[in-house]
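**Student:** Below you will find the structure I want to go over with you.
The numbers here are math on the coordinates, done by the rules we state, and not lab data. Just so you know, these numbers come straight off a predicted model, no measurement behind them. Heads up, the Cβs are rebuilt from the backbone with ideal geometry, glycines too, and the neighbour counts pull from every protein chain shown.
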Amino acid sequence: AQSVAQPEDQVNVAEGNPLTVKCTYSVSGNPYLFWYVQYPNRGLQFLLKYITGDNLVKGSYGFEAEFNKSQTSFHLKKPSALVSDSALYFCAVRDRQAAGNKLTFGGGTRVLVKP
Amino acid sequence: SQTIHQWPATLVQPVGSPLSLECTVEGTSNPNLYWYRQAAGRGLQLLFYSVGIGQISSEVPQNLSASRPQDRQFILSSKKLLLSDSGFYLCAWSVQGQGARYTQYFGPGTRLTVL
């Protein structure tokens with residue numbers, strides 16, 4: 001079975017400060033890892049994914065994430081947060097052996113960037 | 001480029017009434033298709049997924065059913081809605097292929113309120 005934990009329901013950060021959203025995962029084999037962002041009453045937008053290779057993955061809108069196999073983590077980061085980054089962020093994992101390309105999502109972390 | 005459509009965008013239905021939500025994908029062939037439900041603006045629950053026409057896998061036993069009458073059309077239905085069916089319904093698609101590495105892309109969602 002695969003699972004994802006996002007330990008923080010909400011993260012508050014001042015505009016211009018670094019932003020980190022935490023994610024840890026559990027899979028039986030090697031994982032594929034994803035980050036999505038959701039704005040109010042909208043669908044999820046894909047930000048970035050880790051498949052293989054470099055542990056530091058760069059994605060859309062200046063976001064990046066670091067895959068850490070020993071800590072089973074995939075934290076999302078942005079060096080300088082914008083007010084427009086305020087949204088709901090989801091981490092997701094897929095076990096490479098899972099059928100149907102099914103993703104398991106974390107519970108989401110709400111990010112509030114204050115001006 | 002690929003696009004995914006969902007309609008209606010919002011729906012208010014009485015308890016016991018039928019439901020039909022539609023999802024269509026453009027710009028790709030033979031995609032995997034998924035229905036998710038998001039309750040209370042948080043976690044996503046996978047309801048159904050499909051790897052081809054007429055092929056539906058149910059993840060959670062419930063009051064809903066899904067059908068895939070055409071390659072790029074995915075329909076979510078119910079014969080009699082319950083209050084607990086209220087939520088934000090999201091359709092997603094991904095490329096088919098081995099290795100489960102492909103990103104899922106989400107539609108704009110349908111907000112369903114059952115009264």
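**Student:** Report, by residue number, each residue of the range A:50-105 that is touching a Gly at 6+ places or on another chain (Cβ under 8 Å) and free of Cβ contacts under 8 Å to residues at least 60 places away in the same chain. Give the derivation first.
**Tutor:** Just the residues of the range A:50-105 that are touching a Gly at 6+ places or on another chain (Cβ under 8 Å), to begin with: A:65, A:78-81, A:88-92, A:95-97, A:105.
Across the range A:50-105, the qualifying residues are A:Ala65, A:Leu88.
**Student:** Could you please find all residues in the range A:64-90 being in contact with a His (Cβ under 9 Å, 6 or more places away or on another chain) and closer than 21 Å to B:Leu44 by Cβ?
**Tutor:** A:Ala65
**Student:** Taking B:Tyr89 as meeting all but one of (1) within 19 Å of B:Val12 (Cα to Cα); (2) assigned to a loop (DSSP other than H, G, I, E, B), write down the number of the exception.
**Tutor:** With respect to (1) within 19 Å of B:Val12 (Cα to Cα); (2) assigned to a loop (DSSP other than H, G, I, E, B), B:Tyr89 is out only on (2).
**Student:** Out of (1) on the phi > 0 side of the Ramachandran plot; (2) away from chain B (no Cβ under 14 Å), what's the single condition that is false for A:Lys114?
**Tutor:** Tallying (1) on the phi > 0 side of the Ramachandran plot; (2) away from chain B (no Cβ under 14 Å), A:Lys114 fails exactly one: (1).
**Student:** If you go through the range A:81-108, how many residues are polar (S, T, N, Q) and either touching a helix residue (DSSP H, G or I) at 6+ places or on another chain (Cβ under 8 Å) or facing chain B (nearest Cβ under 10 Å) (or both)?
**Tutor:** Taking the range A:81-108 as the starting set, the residues that turn out to be polar (S, T, N, Q) are A:84, A:86, A:97, A:101, A:104.
Adding the requirement that they be either touching a helix residue (DSSP H, G or I) at 6+ places or on another chain (Cβ under 8 Å) or facing chain B (nearest Cβ under 10 Å) (or both) leaves A:97, A:101, A:104.
Count: 3.
**Student:** Quick check on this structure: which one of B:Ile56, B:Ile4, B:Ile75 is aliphatic (A, V, I, L, M), in a strand (DSSP E or B) and within 9 Å of chain A (Cβ to nearest Cβ)?
**Tutor:** Only one candidate passes the filter, namely B:Ile4.
**Student:** Could you check A:Glu66 against (1) part of a strand (DSSP E or B); (2) over 18 Å from A:Pro7 (Cβ atoms); (3) among the charged types (D, E, K, R) and say which number it fails?
**Tutor:** With respect to (1) part of a strand (DSSP E or B); (2) over 18 Å from A:Pro7 (Cβ atoms); (3) among the charged types (D, E, K, R), A:Glu66 is out only on (2).
**Student:** Any idea which residue in the range B:12-25 is nearest to B:Tyr105 (Cα to Cα), counting only those that are crowded, with 18+ Cβ neighbours inside 10 Å and among the hydrophobic types (A, V, I, L, M, F, W, C)? Step through it out loud before you land on a result.
**Tutor:** The first filter runs over the range B:12-25 and keeps only residues crowded, with 18+ Cβ neighbours inside 10 Å, leaving B:19, B:21, B:23-25.
Next, only the ones that are among the hydrophobic types (A, V, I, L, M, F, W, C) stay: B:19, B:21, B:23, B:25.
On the way: B:Leu19: 24, B:Leu21: 18, B:Cys23: 12, B:Val25: 10 Å.
Once the filter is applied, the top-ranked residue is B:Val25.
**Student:** Within the range A:56-70, take every residue that is of a type in the set (Gly, Ala, Ser) and away from chain B (no Cβ under 13 Å) and give me the one that is surrounded by the most Cβ atoms within 10 Å (Cβ to Cβ).
**Tutor:** Initial filter on the range A:56-70 (of a type in the set (Gly, Ala, Ser)): A:59-60, A:62, A:65, A:70.
Subset that is away from chain B (no Cβ under 13 Å): A:62, A:65, A:70.
Details: A:Gly62: 14, A:Ala65: 27, A:Ser70: 5.
This residue is A:Ala65.
**Student:** Could I ask something else about it? Given the residues A:Arg94, A:Arg110, which is the only one that is in contact with an Asp or Glu (Cβ under 7 Å, 6 or more places away or on another chain), not hydroxyl-bearing (Ser, Thr, Tyr) and not in a loop (DSSP other than H, G, I, E, B)?
**Tutor:** Numbers: A:Arg94 fails: in contact with an Asp or Glu (Cβ under 7 Å, 6 or more places away or on another chain).
Residue meeting the stated conditions: A:Arg110.
**Student:** Looking at A:Ser73 and the list (1) more than 13 Å from the chain's Cα centre (by Cα); (2) more than 11 Å from chain B (Cβ to nearest Cβ); (3) of a type in the set (S, T, N, Q), which single condition is not satisfied?
**Tutor:** (1)
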